[in-house]
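What follows draws every value from the coordinates through simple rules; no lab data is involved. Everything numeric here is computed off the predicted structure, so don't read it as measured data. Cβ atoms come from the backbone with ideal geometry, glycine included; neighbour counts cover every protein chain shown.
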Amino acid sequence: MARLISFFEATGSLFAILLLWYLATRYGTLSEFLLPSPASVLARIADDTASGDLPTSLLLTLRTAGLGFAIAALAGTTLGIAMARIRLVHWFFDPLISLGFPMPKIAFLPVFLLWLGPTAASQITIVAVSAIFPVVVAAFSGAEGVEKTQLWSARSLGASRHGLLWQIVLPAITPQLFTGLQIALPVALVTTIVAEMLTGSDGIGGIMLGAMRFADSAGVFAYIIVIAIAGTLVFRGMERLRARLLRWHPEQSH
Amino acid sequence: MSQIVFDAVRHGYRTKGRAEMVALSDVNLTVEQGEFVSLLGPSGCGKSTLLYLLGGFVPLQSGRILMEGKPVTGPGPDRGVVFQNFALFPWKTVRQNIAYGLERQGLTAQARTERVQQFIDMVQLRGFEDSFPSQLSGGMRQRVAIARTLAVDPRVLLMDEPFGALDAQTREIMHEELLAIMRRTPMTTIFVTHDVREAVYLSDRVAVMSSRPGRIKEVVTIDLGPRTGPDIMKSAKFNEYVEYLWSQVKTDAVKAMQ
């Protein structure tokens, strides 16, 4: 019972919106074209799931976002740590990161399309480029903040210079790194959808744009709901992973 | 042969656009096997820098530092270090922290487990083996750090204001524990502190340092016999040492505040 109450406490506003939506389509003057009813949107989700179209495009979208995000996470962590530890790397990349961080990276999509064509590769590239910035910044500031006495202790306990990176620096920066990754993840999803819309992919973004062109409102709304749910689930998974890996961190004591 | 030799050690810091700040100037000191020597002085006298040079964490600029006859070239397990901020690995449990150095030595898993347990018992942390440092009090954290350092069996122990971050009561308890450890496993120790009473209570010799530039002003031998308990702090002799050393430190402490 208590769990049920806390569930409604946390999600009550969503149900209120759903109710409003239902009432607006049931008793309002909005046409099915402007705002399709919840029932027809749900029916559409069920139909497209049964036909296999929806799972296929969802998987395609998640694959693009996932690959781009993974590249951003790996390359961003490496670059951030390298910037904190190697002066030349810092000198070269610091201005680029400052310049690129606030810039709308999606502006580079035409460039990648010119170079790579309307392929998965160009989509993954733009996703990685968009998502890498918060990761680099987080890894860099984390690695800069590693206490030197921790590094010294490890060395005097017999760690090699090389061992410090894996044994001390990487675990020490995990809290900051996760903050960066949790910013990068939604960025990766947003960029994937936009790139799919602009390149005419079979992913969620492309399908939505196609539905719009055919004035298929139910289709547009169906895919909005699907991507919202998928995004929430992925983000929740990330939070779980963070809580698991950072059991030792005082912030995680809840 | 002395176990540790500082010979004409000089160290300066350069900051952009400013004249060089001389932290240490012509420091000479020898420490014998088994001695407990404190470096006593106000903040900024370079006592920690001297310890970091011996630890091999900061490269030597001029002079010589010998550890058992060999020049110090970098950090190594022969010189165990305990820092004021504990410097534990917060993502590792108590057990894993203490095991870290032993893993680097390539001990078998069983030998490692036994040795870790032995040192957990030594610092009285039984029952906290699987706690993370963030779940421990300051005194317990420093006990983990001491156990982690001693577990790899260093030749000398370097302590950088190890009890400076603890409250007065915990500090006194830690003094007794450190003395007890030293009675069981005597070890050459260099102990950095700005606390005069602490220095007198723990040390065989106290090297008084003065600041700007840091150098050793005087080395005082503390002849109080074996430390049998805190009662010794009530003796006239103890308080004479404290008063004398305090008068030596005071002029520099005042200077350092200006």
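Miscellaneous remarks
- Ordering of B:145-152, A:113-120 by packing [mean C-beta count within 10 Å, highest first]: B:145-152, A:113-120
- Point-charge dipole on Cβ atoms (K/R +1, D/E -1) for the range A:47-123, about Cα centre, debye to 20: 520
- Per residue of A:240-251, other chain Cβ atoms within 10 Å of the residue Cβ number 2 on average.
- Karplus-based coupling profile of the range A:84-94, in residue order and whole Hz: 6, 10, 10, 4, 5, 4, 5, 4, 6, 8, 4, with θ = phi - 60° in 6.51 cos²θ - 1.76 cosθ + 1.60 and x standing for Gly or Pro.
- Note on chain B: GNM, Cα springs under 10 Å; of B:Lys47, B:Lys217, B:Lys70, the largest mean-square fluctuation is that of B:Lys70.
- GluC sites (Glu not before Pro) restricted to DSSP loop in the range B:35-114 with at most 14 other C-beta within 10 Å: B:Glu68
- Counted charge near B:Gly80, where neighbours are those whose Cβ lies closer than 12 Å (Asp, Glu -1; Lys, Arg +1): +1
- What the phi angles of the range B:45-56 give under the Karplus curve with 6.51, -1.76 and 1.60, with θ = phi - 60°, is a coupling list of 8, x, 5, 5, 4, 4, 5, 5, 5, 5, x, x Hz, glycine and proline written as x.
- Backbone geometry of the range B:142-147 corresponds, through the Karplus equation with coefficients 6.51, -1.76 and 1.60 at θ = phi - 60°, to 3J(HN,Hα) couplings of 5, 5, 4, 4, 5, 4 Hz, x marking Gly and Pro.
- In the range A:134-232, taking the dipole from charged Cβ atoms about the Cα centre, the farthest positive-side position among A:Ser217, A:Gln150, A:Val187 is held by A:Gln150.
- Looking at the range B:152-258, the DSSP beta bridges with both ends there are about 55 percent antiparallel.
- Projected over all directions and averaged, the alpha-carbon convex hull of the protein assembly as shown occupies 34.1 nm².
- Largest GNM mean-square fluctuation among A:Ser98, A:Ser37, A:Ser13, using chain A with Cα springs under 10 Å: A:Ser13.
- The mean number of Cβ atoms from other chains found within 10 Å of a Cβ in peptide B:92-99 is 1, as a whole number.
- Footprinting exposure proxy for A:Phe214, B:Phe238, A:Phe112 (fewest neighbouring C-beta atoms within 10 Å first): A:Phe214, B:Phe238, A:Phe112
- Over chain B: helical MRE at 222 nm, DSSP H runs n ≥ 4 each giving -39500 (n - 2.57), nearest 500: -11500 deg cm²/dmol
- Centroid-to-centroid separation of the range B:152-199 and the range A:14-38 [C-alpha atoms, Å]: 73
- Report note on the peptides B:20-26, B:75-81: ranked by the mean count of other C-beta atoms within 10 Å, highest first, their order is B:75-81, B:20-26.
- Under-5 Å amide H pairs with B:Ile4, H placed in peptide plane, nonlocal only: B:Val31, B:Glu68
- Dipole of the protein assembly as shown, positive end: most advanced residue of A:Thr49, B:Pro186, B:Leu66 [Cβ charges, Cα centre]: B:Leu66
- Using only side-chain charges placed at the Cβ, +1 for Lys and Arg and -1 for Asp and Glu, the dipole size of the protein assembly as shown relative to its Cα centre rounds to 660 debye.
- Centre separation in Å (Cα based) which lies between the range B:1-51 and the range A:234-249: 45
- Residue among B:Gln110, B:Gln61, B:Gln84 with the largest mean-square fluctuation in a Gaussian network model of chain B, springs linking Cα atoms under 10 Å: B:Gln110
- Among A:Pro134, A:Thr77, A:Pro104 - extreme Cα towards positive end, dipole of the range A:1-146, charges at beta-carbon: A:Thr77
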